[in-house]
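No lab work stands behind these numbers, since they all come straight from the coordinates. Quantities reported herein were computed from a predicted structural model and do not represent experimental measurements. No Cβ is skipped: glycine too gets one built from the backbone with ideal geometry, and neighbour counts run over all protein chains shown.
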Amino acid sequence: MDLTKDPVPQLLRNIAIPASIGMFFSTMYYVVDNFYAGMLSSTALAGISLAAPIYFMGLAISIGVGQATNALVGNARGAGKQLEAEKIAGHAISFAWALALITGLLILLSTPTLFVMMGAKGNYIDDALAYLTIILPTLGFLSHGMAANGILNSLGDTTSFRNSLIVAFLANIVLDPLLMFGFGWGIYGLAAATALTQLGSAVYLTLKVRQSKLGNSLTLMNLVPNWLHYKALFRQSLPASTNMFLIAVGSVIITSAVARFGENAIAGLGIALRIEQLVLLPTVGLNIAVLSIVSVNFGAKLYPRMEKVALTSITIGTSIMLISGIFIFIFSQPLIALFTDNAAVITVGTSYLRIEAIVLPAYVISFVTGAVLQGMKMPIIPMYFNIIRQLILPLALITIALNILGTGIMGVWWSIAIATWTTATVQFFHMRNIVRKQYYS
């Protein structure tokens, strides 16, 4: 496909749909984890729910590298610099490994402190720590796969990643019970299954890169560390990783607030978040498509086309989220009940989903505008907005809701809603002004 000439709706469809399908199986992957953890015990389920925001910090680093790779390789390709694109792509792979090994270790060492900050108490802390001691040291597998996927995304290829996620999901269905119950590894088996499937995905995506138009990026010369490209990747990935990292920190803030309501509240939130992730999958697909298309068109200086990509994506995405919001508002209770028969857990999860139903379109606006700015090599701007959306506003609003107004757990949900809609609205108008200024620069 030609990202600079093909019709925008067609490109969005061809890139976003495979990406969304792939992310569906990625989310279902963790739904399977939740299911088998629940078979162990409600304590194990609470444990992986507690570990999720901490693991997401490591995941954020990997996603940031993938997005940076997509943007920089796409810009080089759009400008007609094939050899430069190959060099950046190769250096992105080695950069991903170096960053993953360092950050995985640092996060693991910080885990006990993070648990204290989150106010977590009880036996489920042991399960959370057991899960993280396996998954964080093997973060390089995931980071390698994300960098390889970023290379493929710059070519408009989201099908390969989709295929890898489908296979990983199917393998996880078998590996989880085999390692957890067959080998008797319990929660360690859950983490080991994840590490093994991530390794398999990394190998497959590397082979797909080798077969692509950027196959020469995997030569030894291009894989050897290059500080100039590492610097560019770091500058582009740091804000992108920080954006994702802020989601994890924001989750820590929310989890800390919910933790005061007990283990059942934590479990209910964990299940509800998995369901919400499924609903948001079209948004994730659009985000990937927008970043891929805008990065190439920015390199080619096709600025009006970039604005068309943004507005078309937001229109499509908000329409889908309005319909999805109605669905989860109506069926939130039976959806939560699929994972547990604990009435207290169901009540918490249902209350969260019904508030989030009205927030879904705001996520579309926030994600798409952020992807446009990342594609324009301005990742620092969405990072600032995410600091406000994920940290400043939720922390302030939750504090007011719980400590001053005494709203209970519903105050946490409404704080998220207000913070998300406020920042998404401001970010949209800011992004549009920046794109239009490019016309006259």
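Before moving on, here are some points about what is shown:
- Pairs of lysines in the range 8-440 whose Cα atoms sit within less than 20 Å of one another amount to 14, provided the residues are eight or more positions apart or on different chains.
- Helix 8-40 vs. the chain, principal-axis angle (Cα, 0 to 90°, nearest 10): 30
- Counting 0.36 nm for each residue step from W414 to F183 and taking away their Cα separation leaves a gain of 78.8 nm.
- Once the trypsin sites (Lys or Arg not before Pro) in DSSP loops with at most 16 neighbouring Cβ atoms within 10 Å are cut out of the chain, the longest remaining piece is 302-441.
- Projecting the Cα atoms of M180, L40, G78 onto the dipole axis of the range 37-183, where Lys and Arg carry +1 and Asp and Glu carry -1 at the beta carbon, places G78 farthest toward the positive end.
- Helix 82-118 axis, angle to the chain major axis (alpha carbon atoms, nearest 10°): 20
- The HN-Hα couplings worked out from phi for the range 302-319 by the Karplus form 6.51 cos²θ - 1.76 cosθ + 1.60 (θ = phi - 60°) are 9, 5, x, 5, 5, 5, 4, 4, 5, 5, 5, 5, 5, 4, 5, x, 5, 4 Hz, whole numbers, x standing for Gly and Pro.
- Assuming charge only on the beta carbon of Lys and Arg (+1) and of Asp and Glu (-1), the dipole of the range 29-139 about its Cα centre is about 280 debye to the nearest 20.
- Residues listed by number, the range 19-48, amide nitrogen under 14 Å from A344 label point at 7 Å toward C-beta: 42-43, 46
- Annotation: for a label point projected 7 angstrom from Cα along Cα→Cβ of T219, residues of the range 76-99 with backbone N closer than 18 Å are 77, 81-94.
- Value at 222 nm in deg cm²/dmol, rounded to 500, when DSSP H runs of n ≥ 4 in the chain each add -39,500 (n - 2.57): -28000 deg cm²/dmol
- Compared with the direct C-alpha span, the chain from L170 to V203 gains 10.2 nm at full extension, assuming 0.36 nm per residue.
- With each label modelled as a point 7 angstrom along the Cα→C-beta vector, the R235-K437 pair spans 1.8 nm.
- Centre separation in Å (Cα based) which lies between the range 116-182 and the range 25-49: 12
- Full extension of the chain between F329 and D6 yields a length gain of 112.5 nm, computed as 0.36 nm times the residue separation minus the alpha carbon distance.
- Estimated translational diffusion coefficient (Stokes-Einstein, Kirkwood radius over Cα pairs, 37 °C, 0.692 mPa s) of the range 278-370: 225 µm² per second.
- Of N153, L402, N163, farthest towards positive along the dipole that unit charges on Lys, Arg, Asp, Glu beta carbons give the chain: N153
- For the range 8-440, size of Cβ-based charge dipole, Lys and Arg +1, Asp and Glu -1, in debye: 1560
- Most mobile of G122, G47, G370 in a GNM of the chain (Cα contacts under 10 Å): G122
- Debye-sum result for the chain in log10 I(q)/I(0), which assumes one identical scatterer on each alpha carbon, at q = 0.08, 0.11 Å⁻¹: -0.42, -0.82
- Distance distribution P(r), the range 70-222, all Cα-Cα pairs, bin width 10 angstrom from 0: 11, 32, 29, 19, 8, 1 percent.
- Once the Cα atoms are used to define both axes, helix 409-437 deviates from the longest principal axis of the chain by about 10 degrees.
- Cα-projected label distance for I380 with T113, points at 7 Å along beta-carbon direction, nm: 2.7
- Selection from A300, L196, I93, by position along the positive dipole direction of the chain (Cβ): A300
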